[in-house]
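Student: Below you will find the structure I want to go over with you.
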C-alpha cells in the first residue's frame with residue numbers, strides 16, 4: 001500500500017497518554033511535536049515541583065527536547081496517542097509559539113499542585129490548556145482515561161494569543 | 001521549504017527561544033512561596049460532558065495571582 005505523501009510530509013502535534021503506576025492508575029497527558037519525518041522534536045508537559053519552604057508543590061509547564069524530558073519508565077507506561085494537528089511547518093511553528101505563550105502564563109500563576117484534589121489543577125490541566133491555546137480540539141477519546149484535572153483550562157476568559 | 005526570512009517565522013522562533021525549560025522552572029518554582037492568593041478569572045472551559053466532576057469556580061479579580 002502506498003502512503004499518502006501529503007500526510008507523511010507534514011508536521012504534526014500529538015497528545016500522548018501514559019499510565020502512572022500500572023494498569024488502572026491515573027493517566028498523564030502531555031504534548032509531542034513531530035517533524036515531517038515523524039521524529040519527536042519537542043515535548044511540552046506539566047510538572048509538580050517541590051517547594052523549598054512549603055509542603056505544597058508547585059505546578060509548572062515546560063518545553064524541551066524529548067530526550068531530556070522522558071518520563072521515568074518505572075512509573076509511566078505509554079498507552080495511547082492522538083494526533084491533534086497535521087499541516088505545514090509555518091502553522092506548526094505558529095501553534096508551538098501559541099503553546100509557549102500559554103506556558104508562560106501558566107507558570108506566572110504560581111499554581112499549587114494538590115494531588116488529593118482530583119478536580120484541581122494538574123499536569124493534565126496543562127496538557128489540555130496547551131491544546132486550547134493552540135486552538136485545537138482535545139480529542140474525545142483522550143477523555144476516556146482517568147486523568148485527574150484534565151477538565152481545567154488554565155487560561156483567563158479573555159485569553160488572546162499574540163500569534164493567532 | 002521553510003523561509004527563515006519570513007517575519008512570522010522569525011517571530012515564532014523568538015517566542016520559542018524563551019520557552020520555559022525544566023532546569024529553569026525547577027529553580028524558580030522550588031524557591032517560590034505557596035500560592036495563597038487565589039486564582040485568576042476562569043470558569044467557562046469546564047468540559048460539557050464532565051458534569052459528574054463539575055466544579056464551580058468562583059471568579060476572582062485579576063492581578064491576585066502572583067505568589
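Student: Scan the range A:48-67 for residues that are at the interface with chain B (Cβ under 7 Å from one of its Cβ atoms) and touching a strand residue (DSSP E or B) at 6+ places or on another chain (Cβ under 7 Å) and jot them down.
Tutor: Selection gives A:49, A:50, A:51, A:56, A:58, A:60, A:61, A:62, A:63, A:64.
Student: On to the next question. How many residues are farther than 19 Å from residue A:95 by Cα and surrounded by fewer than 19 Cβ atoms within 10 Å (Cβ to Cβ) when one looks only at the range A:146-164?
Tutor: 2
Student: Looking only at residues that are under 17 Å from residue A:34 (Cα atoms) and surrounded by fewer than 14 Cβ atoms within 10 Å (Cβ to Cβ) in the range A:57-80, which one is modelled with the highest pLDDT?
Tutor: Of everything passing the filter in the range A:57-80, A:65 is modelled with the highest pLDDT.
Student: Turning to a different aspect of this structure: Filter the range A:107-124 down to the residues that are assigned to a helix (DSSP H, G or I) and within 10 Å of residue A:59 (Cα to Cα), then identify the one that is nearest to the other protein chains (Cβ to nearest Cβ).
Tutor: Per the stated criteria, the residue is A:107.
Student: Test each condition in (1) more than 11 Å from chain B (Cβ to nearest Cβ); (2) more than 20 Å from residue A:14 (Cβ to Cβ); (3) in contact (Cβ under 8 Å) with a residue 60 or more places away in the chain for residue A:134 and report the one that comes out false.
Tutor: It is condition (2) that residue A:134 fails.
The values are calculated or read from the model by the stated rules, or taken from the named source; none is laboratory data. Because the structure is a prediction, the values reported are computed rather than measured. Every residue, glycine as well, gets a Cβ built from its backbone with ideal geometry; the counts of neighbours run over all protein chains shown.
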